[in-house]
Structures are given as C-alpha cells and as structure tokens.
Amino acid sequence: MTHKIYYLASCDTCRKIIKSLPNADKLTFHDIRQNPITEQELGEMYQLSGSYEALFSKKAQLYKSMDLKNKALTEADYKKYLLEHYTFLSRPVFIIEGKIYIGNSQKNIIEVTKVLS
C-alpha cells in the first residue's frame with residue numbers, strides 16, 4: 001500500500017513538515033503544482049474524507065480574491081475549484097494505510113508522525 005503526500009514543493013510549511021517526519025522516504029511525493037491532481041485522485045480523497053469542502057483551503061489567496069466566502073458554495077463548486085487550481089487544496093494531504101490526513105494542523109501532523117513511526 002502506498003503512503004502518499006500531496007504537497008507544494010514551494011510551500012515553506014509543507015517543507016518544514018516533511019523535514020520533521022520520521023520515515024518520510026517511505027512517502028510517494030506528489031507536487032500539486034508540477035503535477036496537478038486528477039479527477040480520479042480527487043475522487044479517492046473524496047471517498048476517504050467524505051466531502052470536497054474538507055479538502056478545500058479557505059486560507060488560499062485566490063479564495064479571498066475571488067470573494068468566494070460570500071458565495072454559497074456547493075460540493076460541486078468545491079470539486080470544480082479543487083480541479084481548477086492547486087492552491088485550493090488544503091495542504092499537505094497524506095493518504096496513509098487507507099486513511100486521509102488533511103492540512104497542517106498540529107493534531108494532524110502528530111497523527112501522521114505516529115503512523116509513520
């Protein structure tokens with residue numbers, strides 16, 4: 001079973017997290033800028049997370065500049081935006097042993113660290 005991380009190579013937070021992880025060499029790295037996520041990959045993330053909104057970053061600059069917070073977004077909208085631009089994916093996303101970990105919250109990173117140890 002593959003352990004995968006969807007991340008942005010240019011993101012300082014992602015780099016810092018990766019550096020801190022035990023056995024990071026066991027991860028398959030997927031830079032979402034160089035290699036945009038496919039509908040199939042997003043579908044897999046959706047299956048594991050249960051929602052596109054859970055994968056969506058409301059911290060993205062584009063979210064603010066497009067004034068999306070003042071729009072009533074549906075799951076279909078979240079999916080469309082996630083496929084349109086990598087910045088909307090809440091990073092990093094780990095898929096490890098059939099479980100998904102979304103974002104850079106301390107709780108998430110502690111769990112990922114435990115699983116990889």
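Being outside any helix (DSSP H, G or I) and modelled with pLDDT of 95 or more is a property that Tyr101 has. Taken together, the residues in the stretch 1-21 that are in a loop (DSSP other than H, G, I, E, B), out of contact with any Lys or Arg (no Cβ under 9 Å at 6 or more places or on another chain) and surrounded by 11 or more Cβ atoms within 10 Å (Cβ to Cβ) amount to 1.
Here is a yes/no grid of residues against (1) hydrophobic (A, V, I, L, M, F, W, C); (2) assigned to a helix (DSSP H, G or I); (3) in contact (Cβ under 8 Å) with a residue 40 or more places away in the chain:
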{"position": "Thr28", "(1), (2), (3)": "no, no, no"}
{"position": "Pro36", "(1), (2), (3)": "no, no, yes"}
{"position": "Leu42", "(1), (2), (3)": "yes, yes, yes"}
{"position": "Leu48", "(1), (2), (3)": "yes, yes, yes"}
{"position": "Ser51", "(1), (2), (3)": "no, no, no"}
{"position": "Lys64", "(1), (2), (3)": "no, yes, no"}
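Restricting attention to the stretch 49-81 and to residues that are under 12 Å from the mean Cα position of the chain (by Cα) and under 20 Å from Glu97 (Cα atoms), the residue that is least open to solvent (accessible area, probe 1.4 Å) turns out to be Leu55.
If the condition is being under 28 Å from Gln61 (Cβ atoms) and part of a loop (DSSP other than H, G, I, E, B), then the stretch 83-98 contributes His85, Ser90, Arg91, Pro92. The residues listed here are Ile100, Ile96; of these, the one that is touching a helix residue (DSSP H, G or I) at 6+ places or on another chain (Cβ under 7 Å), open to solvent by less than 50 Å² (accessible area, probe 1.4 Å), free of Cβ contacts under 8 Å to residues at least 60 places away in the same chain and on the phi < 0 side of the Ramachandran plot is Ile100.
The values are calculated or read from the model by the stated rules, or taken from the named source; none is laboratory data. What you see is a predicted model; the values in this text were computed from it and never measured. All Cβ positions, even for glycine, are placed from backbone atoms using ideal geometry, and neighbour counts span all protein chains on display. Side chains included, ligands, DNA and RNA excluded: accessible areas come from the protein's heavy atoms. Shrake-Rupley method; radii C 1.70, N 1.55, O 1.52, S 1.80 Å.
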